[in-house]
Structures are given as C-alpha cells and as structure tokens.
Amino acid sequence: MRKLSNTFLKCLKSGFLSEITECVKRDHDLNLEIRDTYINVYYKGNSLLKLAEVGSLLRYKAEIHKKFLEGVNISLDFTEDTVPQFVANIPFIKENIIRHGQRSLELEYEQMIIRANNFEPRNNTEYFIVDRQYTVKEGRFDLTGIHWGMHGRQKNRKASVCLMEIKFALNSDIQLVHEQLARYYEPIKNKAADIAVEIETVFKQKLALKLYDQPIERLNAMNTLTFSRDIKDFQFILVIISKPFGGI
C-alpha cells in the first residue's frame, strides 16, 4: 500500500527532510509522490530522487541515477548534515536530467496537469491529482485523483475517485484505448474499496505536507473529505492532448 510511516511523514513535514518538501513546494516543476515506504521527486517525468526509510532510526537512503549525478558529489545517506548539500545541488541535477533524461511529452504533460490542478488556486478546479503511474493488475493509470464538484463544496463530503489515461490524439494506440480501459475495469471492480482507501491515504498525507496550494478554507474542507468505495462512483477519464496545438 502506498503510504509513509508516521516517522517519515513527520520528518518530511517538520524534521530535517522538510528542506526537500519546502523545495518542492517552491518549485512547481518538481513533483513529490508517495510510494510504499518511500518517496519519488520527479522533474520532467524523470525521477530526480528516490528516498526510502531505512530501519527505524531516522535513517534515509537516496537513489539518484548516476547520469543525473554527473559533476555532482553528494552523500546518498540523507542526514541533518547532508540534506542541505542535496538541496543546493538540485539545480545541477535538473540540468543533467535535461541533458540525459528520458524525453516524453506525455510524462511532461502529466506534470503540467498536476501543476494546473494542484498548484494554481485561481483555476478553481473540480479535480485534484493524488498520484501518478498507479499500478493495477492489468497495467497502470497515468494519473489518479478525485472529483470534488463546485456545487455543494462543503466539509464532510464524499468525493469520487478518478483514474486517468493521458494520450496523444495522433498516436496509433488511441484507437485501442477503449479496450485498454475495459481490461482494467474487472480487476478494479473487485478491489474498488481498497483502491479508494489507498488513494485517500495518500491524499491525506499530501495534505499534511501542504502539497496542495489552495485557499485555507478549501484546504480545511479537503481534510474532511472521504472517497467513495463504490465502483459506480469512480470516474475513468481520458485526457487527449492535441499535439499540433499544444493544448489539452
């Protein structure tokens, strides 16, 4: 299950790892995702950092692709002393990702969608992104999130889980996307409640880390949301990117 321990979450929120969290909050080109006992920080769809909890003694081990560490000399054992060194080198790691990273417009659009819905409060969106690259038995969804409609937007409401696929309109596989979604439906139907619980857990931990830039009244209400466990309330969303016009 995608979830961080209370110790890891507290360290990211107010301990020595909070420098990383604050950096992500300042730089909307970065995207922090919660995994099963570890986090990933993404830049342009590439993992800039994988950070895992090691044991129970506030020890954290980083993984960064060696290509992204070109010209960078930092410790991968993250402590109170070494985290500032990593944060100071993030611009250089980003430059290496631009030079050596996987180039995928779909991945970059994923991050743009996350940014537009989670970090632009003036958009007043009805959709909030919770996770990316969410795996199910038959494959994985590009993004997961929730739909929280504007009408009746109050505390203690029930939100709908959203599972999203990102496709370029001119890609040949767009013709088969209905078959892809049909393959996903059966395994999801049988574990809808578990999926909703997991996504709700990640959502609440991201709220605790203040990874949603929204007005305080909206954030307070978001903290009271629950996610429907009923597959009938799930939304399967296809996001088509029109490549010639650069729009969604």
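The values are calculated or read from the model by the stated rules, or taken from the named source; none is laboratory data. Keep in mind that what you see is a predicted model, and the values were worked out from it rather than measured. Cβ placement follows ideal geometry from the backbone for every residue including glycine, while neighbour counts extend to all protein chains displayed. Each accessible area value is taken on the protein alone, full model and side chains, heavy atoms only, with ligands, DNA and RNA left out. Shrake-Rupley method; radii C 1.70, N 1.55, O 1.52, S 1.80 Å.
Quick notes on this one:
- Packing-based order for 179-188, 27-36, using average beta carbon neighbours within 10 Å, highest first: 27-36, 179-188
- When each of the peptides 139-148, 222-231 is scored by how many other beta carbons lie within 10 Å of its residues on average, the order from highest to lowest is 139-148, 222-231.
- Only helices enter the 222 nm calculation for the chain: every DSSP H run of n ≥ 4 contributes -39,500 (n - 2.57), and dividing by all residues gives -11000 deg cm²/dmol, rounded to 500.
- Look at the alpha carbon pairs under 8 Å that are at least 6 residues apart: their mean separation over the length of the chain gives a relative contact order of 18 percent.
- Put a dot 7 Å past the Cα of GLN175, heading toward its Cβ, do the same for ASP29, and the two dots end up 3.8 nm apart.
- Helix 83-100 axis versus longest C-alpha principal axis of the chain: approximately 60°, rounded to the nearest ten.
- Neighbours of LYS61 by Cβ distance under 12 Å: Lys/Arg scored +1, Asp/Glu scored -1, total -1.
- Taking ASN46, ASN190, ASN96 as the candidate residues, the one with maximal mean-square fluctuation in a Gaussian network model of the chain, Cα springs under 10 Å, is ASN190.
- Solvent exposure of region 83-207, expressed per residue, is 49 Å² of accessible area, with all protein chains present and a 1.4 angstrom probe.
- Compared with the dominant Cα axis of the chain, that is its longest principal axis, helix 177-189 is turned about 80°.
- Residues of region 28-53 falling in the label zone of GLN102, defined by backbone nitrogen less than 13 Å from a point 7 Å along Cα to beta-carbon, are 42-48.
- Residue pairs, from the table LYS158/LYS204; LYS94/LYS204; LYS13/LYS167, whose Cα atoms sit over 23 Å apart: LYS94/LYS204; LYS13/LYS167
- FRET E, pair LYS191, SER18, Förster distance 41 Å, beta-carbon r, rounded to 0.05: 0.75
- GLY145 sits among other residues whose Cβ lies under 12 Å from its own Cβ, and their net charge, with Lys and Arg +1 and Asp and Glu -1, is -3.
- Within-10-Å neighbourhood charge of ILE114 [Cβ basis; K, R +1; D, E -1]: -1
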